[in-house]
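A.B. asks: Once you've had a glance at the structure underneath, I'll fire off some questions.
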There are 2 protein chains.
Amino acid sequence: MMNLLTIGRAAEAVGCKVQTIRYYEQIGLLPSPSRSGGNQRLYDEEAIRRLSFIRHARELGFPLQTIRDLISLADNPEYSCEAADAIAKKQLEDVDRRLKRLQALRRELERMVEQCKGGRIANCRVIETLGDHTLCEAKNHDIPKV
Amino acid sequence: MMNLLTIGRAAEAVGCKVQTIRYYEQIGLLPSPSRSGGNQRLYDEEAIRRLSFIRHARELGFPLQTIRDLISLADNPEYSCEAADAIAKKQLEDVDRRLKRLQALRRELERMVEQCKGGRIANCRVIETLGDHTLCEAKNHDIPKV
DNA sequence: GTACTATCTCTAGTAGCTATAGGTTCAAGG
DNA sequence: CCTTGAACCTATAGCTACTAGAGATAGTAC
Ligand SMILES: [Zn+2]
Ligand SMILES: [Zn+2]
Ligand SMILES: [Zn+2]
Ligand SMILES: [Zn+2]
């Protein structure tokens, strides 16, 4: 009845690489699955569910440590969901902060690009602005994480 | 006349950590500066200018490899600035892509948070949505780089 | 001279994978 | 049954851009 997936099929099912799944197992995020006679990993439906949960949370930008916390919450259905909601709110706030930084960045980049009228490097507004922050509108930029 | 800065002062001047400057030297982004009798690094104005250029470009989100390219352009003032402008435009496009992804993400997170009316984990919309992408509005999310 | 800080080199750690090497297992075709 | 090729196994190293520490030396203030 229960169809078991090899790691390749599992990866395909959730849209990630094979090594990513092994990595999640290695760091203890995903329990070690059963193995075939030839020592190959076999994932049951529960394992696939957990893997999808992890991947989906990653796609929504949650860091792995937070996903760990979310999983242990998800494993206790009768608990209050306050903690889960708080985690999601915090994630939303993080995303908002990143958005603000990126938007400010975008404005400066656009200005740089617009102001350069071409010509030689000596007069290039792009190079000039990179060398001189006082040409920026923003008081200061936070370095974006990636 | 030329005032030389120790690495600590240099770090302070450009707003980064001491180790970051040593790192830039190590990867060949910043030339090895002169040294004091006691083997401590001493940065002249030109070195500080280059360091500020690097830091400012980082603050605007340019990756180190791109900064390498920008520096070698900046070192040839009589060249056309086409290449520099193209780099800046590409960076702007990258930022735009990241912005779009983040905005889509933000919408999903907000929806998740809004839909949960509290209660137990068993009925938590946050946990439920994380486990089931069909509850999302977006067809698919790209994983945001941080 | 003694304390305290800053600097030196070297190494390892961070997040979240991704890629490779060198070897086994599995499924299909003949 | 045998072979071939894909998929799997482990273990290790690499990626970006730093950051943190250990243990030793240099510089500065009193
Ligand atoms: Zn230009
Ligand atoms: Zn600036
Ligand atoms: Zn909830
Ligand atoms: Zn989704």
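The values are calculated or read from the model by the stated rules, or taken from the named source; none is laboratory data. Keep in mind it's a predicted model, so treat the numbers as computed, not measured. So basically every Cβ, Gly included, is an ideal-geometry build from the backbone, and we count neighbours across all protein chains shown.
A.B. asks: Go through the range B:103-115 and give me each residue that's at the interface with chain A (Cβ under 7 Å from one of its Cβ atoms) and closer than 19 Å to A:LEU73 by Cα.
C.D. replies: If the condition is that a residue be at the interface with chain A (Cβ under 7 Å from one of its Cβ atoms) and closer than 19 Å to A:LEU73 by Cα, then B:LEU109, B:MET112, B:VAL113 are the ones that fit.
A.B. asks: Sticking with this one: If you take the residues of the range A:122-144 that are under 20 Å from B:TYR79 (Cα atoms) and small (Gly, Ala, Ser), which of them is nearest to ligand 2 (Cβ to nearest atom)?
C.D. replies: A:GLY131
A.B. asks: Answer yes if at least one residue in the range B:27-45 is modelled with pLDDT of 95 or more, surrounded by fewer than 20 Cβ atoms within 10 Å (Cβ to Cβ) and closer than 24 Å to B:LEU92 by Cβ, and no otherwise.
C.D. replies: Yes, the range B:27-45 contains a residue that is modelled with pLDDT of 95 or more, surrounded by fewer than 20 Cβ atoms within 10 Å (Cβ to Cβ) and closer than 24 Å to B:LEU92 by Cβ.
A.B. asks: Only residues that are more than 7 Å from every other protein chain (Cβ to nearest Cβ) and within 16 Å of DNA strand D (Cβ to nearest atom): list them for the range A:116-143, please.
C.D. replies: Passing the criteria: A:ASN140, A:ASP142.
A.B. asks: Something else: Touching a residue at least 12 places away in the same chain (Cβ under 8 Å) and aliphatic (A, V, I, L, M): is that true of A:LEU42 in this structure?
C.D. replies: For A:LEU42, the condition - touching a residue at least 12 places away in the same chain (Cβ under 8 Å) and aliphatic (A, V, I, L, M) - is met.
A.B. asks: Given the conditions (1) under 20 Å from A:GLY131 (Cβ atoms); (2) in contact with a strand residue (DSSP E or B) (Cβ under 9 Å, 6 or more places away or on another chain), report the number of the one that B:ASN3 does not fulfil.
C.D. replies: Among (1) under 20 Å from A:GLY131 (Cβ atoms); (2) in contact with a strand residue (DSSP E or B) (Cβ under 9 Å, 6 or more places away or on another chain), B:ASN3 violates only (2).
A.B. asks: Just checking: which of the helices (runs of 4 or more DSSP H) contained wholly in the range B:1-80 hold 1 or more residues that are closer than 25 Å to A:GLU110 by Cβ?
C.D. replies: B:7-14, B:45-59, B:64-74
A.B. asks: Is it the case that the range B:126-137 has a residue that's part of a helix (DSSP H, G or I), within 16 Å of DNA strand C (Cβ to nearest atom) and in contact (Cβ under 8 Å) with a residue 40 or more places away in the chain?
C.D. replies: no
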